[in-house]
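Participant: Have a look at this one before I ask anything.
Each value in this text was obtained by applying a stated rule to the coordinates, not by laboratory testing. Remember, it's a predicted structure, so these values are computed and weren't measured experimentally. Don't worry about glycine lacking a Cβ; one is built from the backbone with ideal geometry, like all the others, and counts go over all protein chains shown.
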Amino acid sequence: MKKRIDIQQLEPKAFNCMFALEEYLQNSGLSKRYLSLIKIRASQINACAFCLNMHTLDAIKAGETTQRIFLLNAWKETELFTEEEKAVLALTEEVTFIHQNGLSDETYKLMEKFFDGNQIAQIIMAVVAINAWNRIIISTKKIVK
């Protein structure tokens with residue numbers, strides 16, 4: 001595989017902005033469990049092996065069960081996830097597939113049932129961030145070694 005550009009090396013200011021967003025999200029008060037579910041599910045959809053490897057390992061270290069990770073791509077078909085987590089996962093999928101139907105009113109209303117406006121904003125930003133990371137990693141062909 002031909003080596004591609006290293007954005008972190010070539011455009012460190014841009015890369016540092018991405019890291020600043022990650023730092024903000026880590027300190028936002030948003031549940032680490034929600035952050036893990038968002039990162040893993042979006043990375044599954046985007047087929048980003050590098051991010052899947054990183055975020056599943058991080059989730060396991062943080063106490064997430066392997067069973068829930070194994071079944072995450074079938075979250076609608078299991079009772080392993082809470083209703084709040086299912087709302088987060090629905091939003092994650094709809095924002096990741098934004099080109100299909102956008103974020104539905106149904107999912108947004110479901111989010112309002114569990115989260116306030118600031119929390120919804122943080123969750124949307126978390127989804128946007130991992131989608132951006134997936135696109136950076138995939139387009140530069142960073143691989144798991």
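Participant: If I build a Gaussian network model for the chain, linking alpha-carbon pairs within less than 10 angstrom, which residue out of Thr92, Thr56, Thr65 has the largest mean-square fluctuation?
Facilitator: Per the Cα network of the chain with a 10 Å cutoff, Thr65 tops the list.
Participant: Still on this structure: Can you run phi through the Karplus equation (6.51, -1.76, 1.60; θ = phi - 60°) for the stretch 55-60 and list ³J(HN,Hα) in whole Hz, with x for Gly and Pro?
Facilitator: Taking θ as phi minus 60°, the curve returns 7, 6, 4, 4, 5, 5 Hz for the stretch 55-60.
Participant: Project the alpha carbons of the stretch 1-123 onto their principal axes and report the range along each, largest first, in whole Å.
Facilitator: Taking the Cα atoms of the stretch 1-123, the three principal extents are 43, 31, 31 Å.
Participant: Just to verify a number: FRET efficiency for Asn16 and Val128, C-beta to C-beta distance, R0 = 22 Å, to 0.05? All intermediate terms of the calculation are to be shown ahead of the outcome.
Facilitator: Details: r = 17 Å, r/R0 = 0.78.
The value I calculate is 0.80.
Participant: Sort Tyr34, Tyr24 so that the residue with the fewest other Cβ atoms within 10 Å of its own Cβ comes first and the one with the most comes last.
Facilitator: Details: Tyr34 20, Tyr24 14.
Final ranking by Cβ density, sparse to dense: Tyr24, Tyr34.
Participant: What value, in deg cm²/dmol to 500, does the helix sum -39500 (n - 2.57) over DSSP H runs of n ≥ 4 give at 222 nm once divided by the residues of the chain?
Facilitator: Dividing the helical sum by the residues of the chain leaves -22000 deg cm²/dmol.
Participant: Around Asn73, under 12 Å between beta carbons, what's the net of Lys plus Arg minus Asp minus Glu among the other residues?
Facilitator: Values: positive: Arg41, Arg68, Lys76; negative: Glu77, Glu93.
Net charge in that neighbourhood comes out at +1.
Participant: Using θ = phi - 60° and the Karplus curve 6.51 cos²θ - 1.76 cosθ + 1.60, what whole-Hz ³J(HN,Hα) does each residue of the stretch 115-128 get, with Gly and Pro shown as x?
Facilitator: Computed from phi, the couplings for the stretch 115-128 are 10, 7, x, 5, 5, 4, 4, 5, 5, 4, 5, 5, 5, 4 Hz.
Participant: How many lysine pairs are close in the stretch 12-139, with Cα atoms under 27 Å apart and the two 8 or more places apart or on different chains?
Facilitator: Going through the stretch 12-139 pair by pair, I get 19.
Participant: A follow-up question, please. How far apart, in nm, are two points set 7 Å out from the Cα along the Cα-to-Cβ line at Lys113 and at Lys2?
Facilitator: Result: 5.1 nm between the two label points.
Participant: I'd like the Karplus ³J(HN,Hα) series for the stretch 73-79: coefficients 6.51, -1.76, 1.60, θ = phi - 60°, whole numbers in Hz, and an x wherever there's a Gly or Pro.
Facilitator: Taking θ as phi minus 60°, the curve returns 6, 10, 4, 6, 9, 9, 9 Hz for the stretch 73-79.
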